[in-house]
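Engineer: One structure is given below, represented as structure tokens, and several questions about it will come after.
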Amino acid sequence: MGNISKILCCVLWMAHPAWGSELLSNSLVPGTSVQDLLQWQEQDSAELAAARYDTESAVQRAETAGALPDPSLRIEWQDVNGISVLPGQVGAMKYTVLQALPGWGKRAVQKQLGAAGVTVVREQQRATAAELRAQMKTAFVRYYQTHHALQLNEELEKFTAMVAQLAQSRYETGLATQQDLVRAQLEQSALQSERYALQATYSQSQARINALLNRPVYAALAQPAILRPLPPPVLLNETALEQRVRNNSPQLAGQAAQAVVAQSNVDLARKNLTPDFVLGVGPVQRGGSISTWDAMLEFSIPLQRGAHDAHQHEAGEMMQASLARHQVLESQLLGELREHYAALHAAQQQENLIHQRVLPLAELAFKGALAGYQSSRVDFATLLEAKRQLQKARLDELNASVEQQIHLAEIERLTGEEL
């Protein structure tokens, strides 16, 4: 969200609290969905801003790559008599303008190096953005997971409190044992302890999201409402995903650009076997007028063959190392992709199994146990176990959904794009 929209919402809030509160809740407090958080991150992330500045500075450096160095001016006094250096009081003065010129082809290689350097930094920016997006997606689903786990915990607490009251009344009439009453109270204490742990995790998730958004860690967040839908199966095809990684991964593209840099250094090391030049031209002043003109040509002689050979060998080895790193990196990324794809597919199957079979059976068992307990045909332990199994099935379904989102986020990090 831009600063203008934030200021507008604050003005509307002061003018009309009802409108302002609604806009503040919808615009100035992120957290409802991961898409909402990603938009805030794109605008406010300090790390993304730093990556953009790095890219811009690399572009500016590339603009000067291959540029000629500044010329220099040399002033010489000839036939100096005494301490005066005024033009009319010396024999002659010579003004020489010197311009250094790189050898043939060196400027083109330097421009190539500059362009490759920009590509390296730009791909690093893409990799940083992909990593931060993956971190935000993971932080959001953990936030969502804890929020809904707290809701399930609260539901179970209410049920346990109701059953505890029922056990108390039945104990007072002699229809239940003291053990049932104690068991219900112990279950309430266990649920309270579980709630404290979940609340701590919930606060940690909020702090993590705010840190990624470059906001104060205690800044308010909206309650997570929904997980984003999974992409269609045609996009979650393993072969297609592998091709996406090869073609679009910012890490692979950055390593490929590093190989171009290494190749350019090899070319530059070879070009250094050719001489560099210095051209000079200068008028000679005698008295008050220019009497003659001089011209000069200077060039280096690359006689240090040992040093040049070492530089070429170094550049060649660095290029081979860069190519090897590219190959290793591709294998690593494809291996990670297969791991996350397999885990996502397994979580999908688990969620389907829980939703279609486990949850209906758990709900049926709980309803039967509750009816049996109310009619004194089932003891308290059986009822509590049935409710616990239902609670576990719901949590397992929630966790399976969260695992899918986490592995999807990692797959998108590897491909460098949203699916």
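Engineer: Can you tell me which condition Ala167 does not meet? The list is (1) small (Gly, Ala, Ser); (2) crowded, with 21+ Cβ neighbours inside 10 Å; (3) at pLDDT 85 or above, and all the others hold.
Structural biologist: All conditions are met except number (3).
Engineer: Being without any contact (Cβ under 8 Å) to a residue 60 or more places away in the chain, surrounded by 18 or more Cβ atoms within 10 Å (Cβ to Cβ), over 30 Å from Leu384 (Cα atoms) and of a type outside the set (Gly, Ala, Ser) is true for just one of Val121, Val90, Val109, Val80. Which residue is that? Give the derivation first.
Structural biologist: Values: Val121 fails: without any contact (Cβ under 8 Å) to a residue 60 or more places away in the chain; Val109 fails: without any contact (Cβ under 8 Å) to a residue 60 or more places away in the chain; Val80 fails: surrounded by 18 or more Cβ atoms within 10 Å (Cβ to Cβ).
That would be Val90, the only listed residue that is without any contact (Cβ under 8 Å) to a residue 60 or more places away in the chain, surrounded by 18 or more Cβ atoms within 10 Å (Cβ to Cβ), over 30 Å from Leu384 (Cα atoms) and of a type outside the set (Gly, Ala, Ser).
Engineer: If you don't mind, another one. Evaluate segment 326-344: report whether one residue or more is of a type in the set (Phe, Trp, Tyr), within 20 Å of Pro102 (Cβ to Cβ), surrounded by 13 or more Cβ atoms within 10 Å (Cβ to Cβ) and modelled with pLDDT of 80 or more. Don't jump to the end; show me each part of the working.
Structural biologist: Within segment 326-344, the first condition is being of a type in the set (Phe, Trp, Tyr), and the residues that meet it are 341.
Right, trim to within 20 Å of Pro102 (Cβ to Cβ) and you get none.
No; the residues of segment 326-344 include none that is of a type in the set (Phe, Trp, Tyr), within 20 Å of Pro102 (Cβ to Cβ), surrounded by 13 or more Cβ atoms within 10 Å (Cβ to Cβ) and modelled with pLDDT of 80 or more.
Engineer: Restricting to segment 93-107, name every residue that is more than 30 Å from Asn81 (Cβ to Cβ) and part of a strand (DSSP E or B). Break it down stepwise before answering.
Structural biologist: Taking segment 93-107 and keeping what is more than 30 Å from Asn81 (Cβ to Cβ), we get 99-107.
Of everything in segment 93-107, those that are more than 30 Å from Asn81 (Cβ to Cβ) and part of a strand (DSSP E or B) turn out to be Gln99, Ala100, Leu101.
Engineer: Continuing with the same structure: Filter segment 364-387 down to the residues that are surrounded by 14 or more Cβ atoms within 10 Å (Cβ to Cβ) and outside any helix (DSSP H, G or I) and list them by number.
Structural biologist: If the condition is that a residue be surrounded by 14 or more Cβ atoms within 10 Å (Cβ to Cβ) and outside any helix (DSSP H, G or I), then Val378, Asp379 are the ones that fit.
To keep it simple, each residue is scored yes or no on (1) over 59 Å from the mean Cα position of the chain (by Cα); (2) not small (Gly, Ala, Ser).
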position	(1), (2)
Gly66	no, no
Asp70	no, yes
Leu86	yes, yes
Val118	no, yes
Thr128	no, yes
Ala134	no, no
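Engineer: If you don't mind, there's one more thing I want to ask. Would you check which residues across segment 10-34 are surrounded by 14 or more Cβ atoms within 10 Å (Cβ to Cβ) and either at pLDDT 85 or above or outside any helix (DSSP H, G or I) (or both) and list them?
Structural biologist: If the condition is that a residue be surrounded by 14 or more Cβ atoms within 10 Å (Cβ to Cβ) and either at pLDDT 85 or above or outside any helix (DSSP H, G or I) (or both), then Val29, Pro30, Gly31, Thr32, Ser33, Val34 are the ones that fit.
Engineer: In contact with an Asp or Glu (Cβ under 9 Å, 6 or more places away or on another chain), at pLDDT 85 or above and assigned to a helix (DSSP H, G or I): does that describe Leu48? Quick ask: steps written out before the conclusion?
Structural biologist: On the way: in contact with an Asp or Glu (Cβ under 9 Å, 6 or more places away or on another chain): yes; at pLDDT 85 or above: yes; assigned to a helix (DSSP H, G or I): yes.
The answer is yes for Leu48.
The values are calculated or read from the model by the stated rules, or taken from the named source; none is laboratory data. Keep in mind the model is a prediction, meaning the values are calculated, not measured. All Cβ positions, even for glycine, are placed from backbone atoms using ideal geometry, and neighbour counts span all protein chains on display.
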